[in-house]
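This report concerns only the one structure given below.
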Amino acid sequence: MDANFIRFLVSGYNVSNAVGTLCWDGCRLTEGVIGECLGANALIPAWPGGQRGRLNRAYFFTGDERQLFEGQYLPAARAIGGPGDYEPLERQNRALRAQVRHERETRHEQNLAELEAYLAQRRAEMGPTEDLAAFRPCTASATTHTRVQPGPHGVGYVPAYATDGDPRTYWGADYAPQWLSVDLGEERTIGRVRVVNYADGERFYHYRVECSSDDESWLTVAEKMNDGPATWDGDEHLFEPTPARYVRVWVLHNSANIGLHVGELEVYAPGD
Ligand SMILES: [Ca+2]
């Protein structure tokens, strides 16, 4: 394959996106293309299987894939007669890439605004609640966000979904263990938590619930280590009255896949 064409290919968003499209179609890239792409600091898009070029260099075109690739994308290369043609194309493609990045950032800001509006609406709909964790700020060890599954508002399965009062919106992170923590705002005495994961009728989760007054030393107050299937009602745990400002769920296992999920984390005072 012509080296100039590969440089042209990886310099332009549209054309390198086309490579991504081919990847989604099950295409694999040759060692040479991977090397050129990495040399040009171009991202090789992830495709089913979740691999990226830097992690796995063993991609090769089959005969059909090569035919598809050359049939669809080599015509673009014919616009290049030499280095003099390549440079303006590269400038144009970099400008395109900058525009796409700008549009993506703008969209991200819009999505964040939609998430905030959604949370405000949920809060208004729910009204007063005994749940000390409701709409309190959450943090987490990680958050799942992929272009394939960008979450309800396009910004990932963010921690805020764990305290929005809807079990079916959830925080998510991949590869156990992961934690989600809610800040109650001040130290409270608590005696009951309810944890909802994600329910499909079969899968089960293992998790541990801890609380802390200083976000540093933690006391385990509840756990679920049995293999009972997760439900949308979740699991309720009663324990001795305990002072806590922070309540944290370590999700240790999901029997169905690599995702760890908390749909709701509710926290109550003893007797509530
Ligand atoms: Ca939720």
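Rule-based calculations on the coordinates, nothing more; no lab input. It should be emphasised that the depicted structure is a prediction, and the values quoted were computed from it without experimental measurement. Every residue, glycine as well, gets a Cβ built from its backbone with ideal geometry; the counts of neighbours run over all protein chains shown.
Of note:
- Sorted fewest first by neighbouring Cβ atoms within 10 angstrom, His153, His108, His261 come out as His108, His153, His261.
- Taking the number of Cβ atoms within 10 Å of each Cβ as an exposure proxy, the fewest-first ranking of Ser212, Ser255 is Ser255, Ser212.
- Region 148-204 versus region 244-272: alpha-carbon centroid distance in Å: 7
- Between Arg104 and Glu202, the C-beta separation translates, for a Förster distance of 45 Å, into a calculated FRET efficiency of about 0.75.
- Between Gln149 and Leu219, the simple spin-label model (points 7 angstrom out along Cα→Cβ) gives 3.6 nm.
- For Val221, the residues whose amide H sits under 5 Å from its own are Val209, Glu210, Cys211, ignoring neighbours fewer than 5 places away on the same chain, with H placed 1.01 Å from N.
- Thr189/Gln121 FRET efficiency (R0 35 Å; Cβ-Cβ; nearest 0.05): 0.70
- Each residue in Ile258, Ile190 was given a count of other beta-carbon atoms within 10 angstrom of its own, and listing them fewest first yields Ile258, Ile190.
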